[in-house]
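Participant: There's a structure below that I have some questions on.
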Amino acid sequence: MKFRAKIVDGACLNHFTRISNMIAKLAKTCTLRISPDKLNFILCDKLANGGVSMWCELEQENFFSEFQMEGFSAENNEIYLELTSENLSRALKTAQNARALKIKLTNKHFPCLTVSVELFSMSNSSRIATHDIPIKVIPRKLWKDLQEPMVPDPDVSIYLPVLKTMKSVVEKMKNISSHLVIEANLDGELNLKIETELVCVTTHFKDLGNPPLASESTSQDRNPEHMAEVHIDIRKLLQFLAGQQVNPTKALCNIVTNKMVHFDLLHEDVSLQYFIPALS
Amino acid sequence: MKCLVTGGNVKVLGKAVHSLSRIGDELYLDPLEDGLSLRTVNSSRSAYACFLFAPLFFQHYQAATPGQDLLRCKILMKSFLSVFRSLAMLEKTVEKCCISLNGQSSRLVVQLHCKFGVRKTHNLSFQDCESLQAIFDPASCPHMLRAPARVLGEAVLPFPPALAEVTLGVGRGHRVILRSYHEEEADSTVKAMVTEVCLGEEDFQQLQAQEGVAITFCLKEFRVISSFRTGKGSGMPGAEWDDLAWGSRPLPRPAIFTIKDSLLDGHFVLATLSETDSYSQDLGSLERHRPVPQLQAHSTPHPDDFASDDIDSYMIAMETTIGNEGSRVLPSISLSPGPQPPQSPGPHSEEEDEAEPSTVPGTPPPKKFRSLFFGSILAPVGSPQGPSPVLAEDSEGEG
């Protein structure tokens, strides 16, 4: 298996760094899937993650000036690696004002992803910082657990308000209750509700707008003001919101009543899907 | 002792105190004829820092009132630092700083004369002490590199904040390499990220070291060193250089960092880990072939209790002076080599240092940070030197 890629454009480098910072906030350990056209950061819905799953996808040609990979085999031309997300974001932090960034799969005493940053220096000689990120190659038989999650038909699909606002609301709510109800309707209304013995707090967001529903029939049957709700763990929602440092280009929330909430974001050209299951 | 610091030098003094505070908890103030010396050593005796401010640094400098002996004192770093805590405040509001040491009142008085006629007076209590002087000689180090402080400061940026130790060495093509150092873990399931920074020869004013040579020292202290600037700006002639000098095998030598300015001299001495016997040609594969020592803090030093100390543990050699005359008596060397017959001089202990640390079957090998100074720490063969292993200062008041 081989992998080698290079970024020379400053803007691409910064964008890639921001994405890796976001991933580091969302998942301590994640899977990196390398395929000829894409890179994916994956978190599968194991119990260890609390049932949360994440699927982040980017088109490699939007970032890398050079990209070569050779997967497991010709039929399965992909590479699945497990790594500690923080290592990657820390390595990329070095590359803030770099001339070039190279990433490659190496085996220096242990398999690693080597991130090599060529920095500007006053003198003519180049200054290079290299980071060897230890990785675990995921065997072929486990790949089936790491596929793109199926997105079920949502009961309600709604655009999200400004994430920073949502985050500050949820942060305060976290002090009062450990679980929260997120509900929305087809009339552009979204509510965040917490309830304890002593107090009930609801934050209402209005006029958010709904994307056109996939199936026309359901929209005719349903009362647009009817709320679809799901109870979730507030910390998981907060972790998701905390990971969004920059307001996304597009942010969508799909609710399947009492099953799960699915966030679908687009950061410029990178898509992020995040699934939080309902509390049982 | 009385001295007066004015203008921008107040901030420089403050920066020096900040650097010292990141190394040790006690500050040794030593007014000498050739300037005011501020020194500290860390609790495990593996890092020593010393700043010497030349008389010209001060608007007025008087080491001792005529007819009186040179006083020296030791104060709590926290107390002294609190005077200089806010560098921004020092820069903006302090016009003059007056430090005076009066033996009779046993107070160190630091007075800050600020704008608008505000005067802040700090009375700090101190302890008499013996001089803290580490024995080292940068001139006799075979390896040396010299670079602007900025270069080393930038070089440490890529390393994770939590990293304990870093290895500095010279690789192929005379490139200087800084690499994160991780001890070989028995449990190798979780590996740590390895970071390496490679600098070209051109970044250094001077590079005098063979390829393959390397030393390992504590990164936290190295960061303190690399972040110190006198901050006089690039316009000033005589910009600061960092001289880094270190000794060669077989004995692990400390790394000595020197910052020189026209008005101040800074020395930082860091203990280094002992090296493996074989250099690798390509420093990129610097590998520890045996378990290496790790820092062991001696939090409460027991000067007389040597049985408990590991046979391979050494501390930075300190020279102590007895009495106020300032005359150097037979240097008392601090060693804690365990029970040692009085006649066994240097070479014996050095051999032990080279040997594998003694292991108890079934337990991981003891890991110790080793630091040795060249030659001077151990009495030369044939000298009548008794064991006399004592620490830097008297055990008076040390509990």
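Participant: Suppose we filter the stretch B:40-79 for residues that are in a loop (DSSP other than H, G, I, E, B), more than 22 Å from the chain's Cα centre (by Cα), at pLDDT 90 or above and surrounded by 15 or more Cβ atoms within 10 Å (Cβ to Cβ); how many remain?
Facilitator: Kept after step one, since they are in a loop (DSSP other than H, G, I, E, B), are these residues of the stretch B:40-79: B:42-46, B:54, B:58-59, B:63-72.
Those still in the list that are more than 22 Å from the chain's Cα centre (by Cα) too: B:58-59, B:63-71.
After this cut, where a residue has to be at pLDDT 90 or above as well, the list is B:58-59.
Now restrict to residues that are surrounded by 15 or more Cβ atoms within 10 Å (Cβ to Cβ): B:58.
Summing the residues that are in a loop (DSSP other than H, G, I, E, B), more than 22 Å from the chain's Cα centre (by Cα), at pLDDT 90 or above and surrounded by 15 or more Cβ atoms within 10 Å (Cβ to Cβ) in the stretch B:40-79 gives 1.
Participant: Which of (1) modelled with pLDDT of 85 or more; (2) within 12 Å of chain A (Cβ to nearest Cβ); (3) surrounded by 17 or more Cβ atoms within 10 Å (Cβ to Cβ) does residue B:204 not meet, given it meets every other one?
Facilitator: Of everything listed in (1) modelled with pLDDT of 85 or more; (2) within 12 Å of chain A (Cβ to nearest Cβ); (3) surrounded by 17 or more Cβ atoms within 10 Å (Cβ to Cβ), residue B:204 misses just condition (1).
Participant: Right, next: Criterion first (β-branched (Val, Ile, Thr), within 14 Å of chain A (Cβ to nearest Cβ) and in a strand (DSSP E or B)) does residue B:167 satisfy it?
Facilitator: On the way: β-branched (Val, Ile, Thr): yes; within 14 Å of chain A (Cβ to nearest Cβ): yes; in a strand (DSSP E or B): yes.
Yes: the conditions hold for residue B:167.
Participant: Have a look at A:180, A:186 and point out the one that is over 24 Å from residue A:236 (Cβ atoms), outside the structural domain of residue A:33 (by the TED database) and touching a strand residue (DSSP E or B) at 6+ places or on another chain (Cβ under 7 Å). Working first, answer last.
Facilitator: Values: A:180 fails: over 24 Å from residue A:236 (Cβ atoms).
Only one candidate qualifies: A:186.
Participant: Another question, if that's okay. Restricting attention to the stretch A:98-113, which residues are in contact with a helix residue (DSSP H, G or I) (Cβ under 9 Å, 6 or more places away or on another chain) and within 10 Å of chain B (Cβ to nearest Cβ)?
Facilitator: Within the stretch A:98-113, A:108, A:109, A:113 qualify.
Participant: Which one of A:81, A:142 is more than 10 Å from chain B (Cβ to nearest Cβ), of a type outside the set (D, E, K, R) and either touching a helix residue (DSSP H, G or I) at 6+ places or on another chain (Cβ under 6 Å) or not in a strand (DSSP E or B) (or both)? Show your work before the answer.
Facilitator: Details: A:81 fails: either touching a helix residue (DSSP H, G or I) at 6+ places or on another chain (Cβ under 6 Å) or not in a strand (DSSP E or B) (or both).
It is A:142.
Participant: A further question follows. So, in the stretch A:28-78, of the ones that are in a loop (DSSP other than H, G, I, E, B) and of a type in the set (Phe, Trp, Tyr), which residue ends up farthest from the chain's Cα centre (by Cα)?
Facilitator: Looking at the filtered set, the residue picked out is A:72.
Participant: Looking at A:99, A:90, A:140, can you tell me which residue is in contact (Cβ under 8 Å) with a residue 40 or more places away in the chain, out of contact with any strand residue (DSSP E or B) (no Cβ under 8 Å at 6 or more places or on another chain) and not assigned by the TED database to the domain that holds residue A:200?
Facilitator: The unique qualifying residue is A:140.
Participant: Turning to a different aspect of this structure: Output yes when any residue across the stretch A:90-99 is more than 22 Å from residue A:31 (Cα to Cα) and assigned to a strand (DSSP E or B), and no when none is.
Facilitator: yes
Participant: Let me ask something else. So, in the stretch A:116-131, exactly how many residues are more than 8 Å from every other protein chain (Cβ to nearest Cβ) and outside any strand (DSSP E or B)?
Facilitator: Number satisfying all stated conditions: 1.
Participant: Taking residue A:224 and the conditions (1) surrounded by 15 or more Cβ atoms within 10 Å (Cβ to Cβ); (2) over 23 Å from residue A:38 (Cα atoms), which numbered condition does it fall short on, given that it satisfies the others?
Facilitator: Evaluating residue A:224 over (1) surrounded by 15 or more Cβ atoms within 10 Å (Cβ to Cβ); (2) over 23 Å from residue A:38 (Cα atoms) leaves (1) as the failure.
Participant: With respect to the numbered conditions (1) in a strand (DSSP E or B); (2) over 26 Å from residue A:42 (Cβ atoms); (3) not polar (S, T, N, Q), which one is the sole condition not fulfilled by residue A:113?
Facilitator: It is condition (2) that residue A:113 fails.
Participant: Something else now. Among the residues of the stretch A:79-106, which ones are farther than 18 Å from residue A:14 by Cβ and either over 19 Å from the mean Cα position of the chain (by Cα) or among the aliphatic types (A, V, I, L, M) (or both)?
Facilitator: Within the stretch A:79-106, A:79, A:81, A:83, A:104, A:105, A:106 qualify.
Participant: Residue by residue through the stretch B:160-191, note down the ones that are modelled with pLDDT under 85 and in contact with a Pro (Cβ under 9 Å, 6 or more places away or on another chain).
Facilitator: Matches in the stretch B:160-191: B:183, B:184, B:186, B:190, B:191.
Participant: Follow-up question, since we're still on this one. Can you tell me which residue within the stretch A:230-273, out of those that are in a loop (DSSP other than H, G, I, E, B) and β-branched (Val, Ile, Thr), is farthest from residue A:156 (Cα to Cα)?
Facilitator: Within the stretch A:230-273, the subset in a loop (DSSP other than H, G, I, E, B) is A:243-249, A:257-259, A:268-269.
Cutting the leftovers down to β-branched (Val, Ile, Thr) gives us A:246, A:249, A:257.
Working: A:246: 25, A:249: 20, A:257: 9 Å.
If we take residues in the stretch A:230-273 being in a loop (DSSP other than H, G, I, E, B) and β-branched (Val, Ile, Thr), then A:246 is farthest from residue A:156 (Cα to Cα).
Participant: For residue A:170, are the conditions met, namely being away from every other protein chain (no Cβ under 14 Å), hydrophobic (A, V, I, L, M, F, W, C), in a strand (DSSP E or B) and within 28 Å of residue A:24 (Cα to Cα)?
Facilitator: On the way: away from every other protein chain (no Cβ under 14 Å): yes; hydrophobic (A, V, I, L, M, F, W, C): yes; in a strand (DSSP E or B): no; within 28 Å of residue A:24 (Cα to Cα): yes.
No: the conditions fail for residue A:170.
The values are calculated or read from the model by the stated rules, or taken from the named source; none is laboratory data. In this text, all values refer to a predicted model and were calculated from it rather than measured experimentally. Glycine gets a Cβ as well: all are built from the backbone with ideal geometry, and neighbour counts include every protein chain shown.
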